[in-house]
Each structure stands twice: as C-alpha cells, then as structure tokens.
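Take a look at the structure below.
The values are calculated or read from the model by the stated rules, or taken from the named source; none is laboratory data. Only a predicted model underlies this, so the values are computations on that prediction, with no experimental measurement involved. Ideal geometry is used to build each Cβ from the backbone, glycine not excepted, and the neighbour counts take in all protein chains shown. When the accessible area is computed, the model is the full protein with side chains, heavy atoms only, and any ligands, DNA or RNA have been set aside. Shrake-Rupley method; radii C 1.70, N 1.55, O 1.52, S 1.80 Å.
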Amino acid sequence: MRRKIIAGNWKMNKTPSEAIKLVEELKPLVDNEAVDVVFCVPAIDIVPVVKACEGSTIQVGAENMYFEESGAYTGEISPAMLVDAGVRYVILGHSERRDYFKETSEDVNRKMKKAIEHGITPIMCCGESLEQREQGITLDWIRQQVKVGYQGIAAADAAKTVIAYEPIWAIGTGRTATTEQAEEVCGAIRQCIAEIYDEATAESIRIQYGGSVNAANAAELFAQPDIDGGLVGGASLKADFGKIVNYDR
Ligand code: PEP
C-alpha cells in the first residue's frame, strides 16, 4: 500500500516573513498521519520555513536544484545546500521551468541523479500541452519524458522517487483533468515504469496528479488506484490546503 504524498508548490510567492505566517496558519490544518505533507517553497524561504515547521510532520521541499556540486554557477542552488538547510524533496522539471527556462528532459535527468545521490527525493514533473492532447500524442509524450528522466537511475532508487503528472493545460487554469483522464495517464506512467524496471518498482513509485487540485476535487482524484496524492499550486497558499490534505475525512 503506497502512502499518499500531498505537496504544495508555492512557486514564486511569499517573502520570508510571509512564508512564516503561512506556515503558522497551515500547521494546525495539515495534520493527517496517513499522508506525507511537503511544502515546496522558494529558495529564500527554505531556512525560515524549515524552522517554522519544526515540531510538525510537515517536510520541506525545494522547487528546483542544479546538477553540479558547487562552483561558478551564479544564481544556482546546489544539492548539498538544500540538504544542509533541511530539505527532503525537490520538484524537478516543472512545466514552468521547462517552458520559461528551457529545461530539457536531459537536464531533468541530470538533476534527478544528483538529488538521489544526495538523498533528496525528486518529484519529477511531466505533462502534455493542450495541443499535444488534442493531437492524441499525450501518452507517447509522457512516456518519453519519463524514459529520459529515469535514464541511468537504478530500480531501487527509482522506487523511492515521486512523479507528478501535471497536464500543462490544467496548471493554474482552474480546469482540472477529469478523474478518468488523470487516472489514465497516471496508470500509463506506472506501466512505463514497469517496462523500464519491473512490477515491484512500478508498485512502489508514487505518482501524483497536479493541475487545479482543490478541496472539492481532491477526494475523488486521490481515490483512483494509480493516483497517490497531489502536487498543488494555487490552493497550497490557502487554508484550503488543509482540506486537501484531509481529503479522506
Ligand atoms: C503546479 O504548479 O504544480 C500546479 C499544479 O498549480 P495549480 O494547482 O495552481 O494548478
């Protein structure tokens, strides 16, 4: 039985002092011992958020990371910096990074390997555009993103990672994928992992759905056999996130 994982992606929101206030507001609301709760926050908020989360079950994640150890990479954040600051998870290959910052699946693969090497759990995002869905190439596209993302990663490591299926047309649009659409792709991702590795790895890996998840649709989405939780953008910045985490109550 896979444990659900519900992660908030704060994106480029909240100054350090605003971040502390939000954690204090959400802390009593996001207590569900059946779920791993992760706040993925902007780099500058990591240290104060880790401190503010002390004594709670909330785990802190980063929204990105570089694939080199250290050196002349102005503006980048290394895996060792994240680990030292108390980060346990890192979102890699979010569609906003792929679109705006031209990250490729090969970049994502290098970051995946580095995160794993440092004991950080990657949440690898994949997802199709509306155009790709309309062209009927969704599953081919997602399979390709997953295959490249996991290239050279051992089964035992892959089993502990998280994949977030996020249709680009559903991110921040209020237009959620239907439960059937979300389950179909999450099931295909699990199948792809079984083909790359084996059934045991596919059964272990956790697959989230992301794209306009809210308090009203979370329970139905998370009840699907291949959906092990959610990656939540907009609604993770509000008290609603508590209702999403407690979707089963
Ligand atoms: C996201 O940014 O990963 C996301 C899913 O955003 P939203 O929930 O706002 O659609």
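Annotations
- Considering residues of the range 217-246 that are farther than 22 Å from K11 by Cα and free of Cβ contacts under 8 Å to residues at least 60 places away in the same chain only, the residue nearest to the ligand (Cβ to nearest atom): L221
- Residue satisfying all of: in the range 19-31; more than 14 Å from K51 (Cα to Cα) and open to solvent by 70 Å² or more (accessible area, probe 1.4 Å); modelled with the lowest pLDDT among these: D31
- Residues in the range 119-134 that are in contact (Cβ under 8 Å) with a residue 24 or more places away in the chain and either more than 12 Å from K160 (Cα to Cα) or not polar (S, T, N, Q) (or both): G119, I120, P122, I123, M124, C125, C126, G127, E128, S129, L130, R133.
- Listed by position, the helices (runs of 4 or more DSSP H) contained in the range 133-224 that have at least 2 residues being among the charged types (D, E, K, R) and open to solvent by 10 Å² or more (accessible area, probe 1.4 Å) are 138-149, 179-196, 199-204.
- Strands (runs of 3 or more DSSP E) contained in the range 1-86 and holding at least 3 residues in contact (Cβ under 8 Å) with a residue 40 or more places away in the chain: 4-9, 35-41
- With respect to the stated conditions, T138 fails to be more than 30 Å from G86 (Cα to Cα) and at pLDDT below 95.
- Being hydrophobic (A, V, I, L, M, F, W, C), free of Cβ contacts under 8 Å to residues at least 24 places away in the same chain and away from the ligand (no atom under 12 Å from the Cβ) holds for only one residue in I153, I137, I142, I116, and it is I137.
- The lone criterion from (1) of a type outside the set (F, W, Y); (2) touching a strand residue (DSSP E or B) at 6+ places or on another chain (Cβ under 9 Å); (3) free of Cβ contacts under 8 Å to residues at least 40 places away in the same chain left unmet by Q208 is number (3).
- E180 without any contact (Cβ under 8 Å) to a residue 40 or more places away in the chain, more than 17 Å from the chain's Cα centre (by Cα) and more than 13 Å from A156 (Cα to Cα): yes
- The residues in the range 87-108 that are open to solvent by 30 Å² or more (accessible area, probe 1.4 Å), away from the ligand (no atom under 16 Å from the Cβ) and not in a helix (DSSP H, G or I) can be counted, and the count is 3.
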